[in-house]
Amino acid sequence: MKKIDAIYKRSSVRQFQDIPISDEQLYSILEAGTLAPSSGNMQPWEFIVIKEPPYKEKVVSCTFSGFYAGTSNYQQWIKSAPVILIICANKKRTAARYGNLGYKWVPLDVANAVQNMILTMTQNGISCCWVGGIDENKIRESFRLPEYVQPIGLLPLGYATEEGQTKYKMPPEFVTHSHRYNEPYFKS
């Protein structure tokens, strides 16, 4: 089976060159996100594009580098990205069709969109890093998100100044089960 290069080349990058991302490039990345599958085709994603330094500062003030680091240990490196996307989930859209059950699916649908965008970037030489260490309430307040729009994470993107860091990934035989849990599907 043919492998998709972007999946195997993708890595997390936290240092970016001072080269802008054009609106044409950004549109192509966002369009790839909007082509993702979603529950009932409700497309619950929302993206806030941040390019200006004062807004980048505001984004950084809504981050932390780990649960135990507390909210004062901001991820300053994010400011080096020419573009920061605030990834959000519009919970109202999916819930309109599926009720409370829809709330469970919304983050999964948004993750589909993000993966499409990440692979599109990788295929086109643009790097990024998925950031989950955010204070949702602070982002909601700072960027005027309505109650039904949940911030999911950040996607700082640009051209890398460093080689990406591909971390260890568990092989399929470690996480695949046959007919019931803890019965290996792939046997060594």
With θ set to phi - 60° and the Karplus curve 6.51 cos²θ - 1.76 cosθ + 1.60, what are the ³J(HN,Hα) couplings of segment 36-43 in order, to the nearest whole Hz, using x for Gly and Pro? 5, x, 8, 4, x, 6, 7, 6
Using only the alpha-carbon atoms of segment 1-102 as identical scatterers, what base-10 log of I(q)/I(0) does the Debye formula give at q = 0.12, 0.21, 0.22, 0.25 Å⁻¹? -0.60, -1.18, -1.19, -1.25
Using alpha-carbon pairs under 8 Å, 6+ residues apart, how would you state the relative contact order of segment 139-188 in percent? 19
Cα atoms only: what Rg and Dmax, in Å, come out for segment 120-188? 18.8, 53
What ranking, highest mean first, results for peptides 79-87, 147-155 when packing means the other Cβ atoms within 10 Å averaged over each residue? 79-87, 147-155
Kindly write out, for segment 136-146 in residue order, the coupling ³J(HN,Hα) from the Karplus curve 6.51 cos²θ - 1.76 cosθ + 1.60 (θ = phi - 60°), rounded to whole Hz, with x marking Gly and Pro. 4, 5, 5, 5, 4, 5, 5, 10, 6, 7, x
Scan around Tyr159 for amide H atoms under 5 Å from its own, H built in the peptide plane at 1.01 Å from N, and keep only partners 5 or more places away or cross-chain. Gln17, Ile19, Ser127
Treating the beta-carbon of each Lys and Arg as +1 and of each Asp and Glu as -1, no other charges, what is the dipole magnitude of the chain about its Cα centre, to the nearest 20 debye? 520
The chain: DSSP helices with Cα axial extent of at least 20 Å and average Kyte-Doolittle hydropathy no lower than 0.0: 100-123
In the structure shown, of Lys56/Lys104; Lys9/Lys167; Lys9/Lys169; Lys56/Lys169; Lys58/Lys79; Lys58/Lys91, the pairs separated by more than 20 angstrom at the C-alpha atoms are Lys56/Lys104; Lys56/Lys169; Lys58/Lys91
Relative contact order in percent for segment 10-175 (Cα pairs under 8 Å, 6+ apart) equals 37
Going by amide H atoms built from the backbone, whose H comes under 5 Å of the H on Trp45, apart from near neighbours? Asn90
Projecting each Cα onto the charge dipole of segment 82-161 (Lys/Arg +1, Asp/Glu -1 at the beta carbon, about the Cα centre), which of Gly153, Thr120, Asn100 comes out farthest on the positive side? Asn100
Working from the alpha-carbon coordinates of the chain, get Rg over Rh, Rh being the Kirkwood radius. 0.99
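Values in this text are rule-based calculations from the coordinates and carry no lab data. What you are looking at is a predicted structure, and each value in this text was computed from that prediction instead of being measured. Note: ideal-geometry Cβ built from the backbone for every residue, glycine included; neighbour counts use all protein chains shown.
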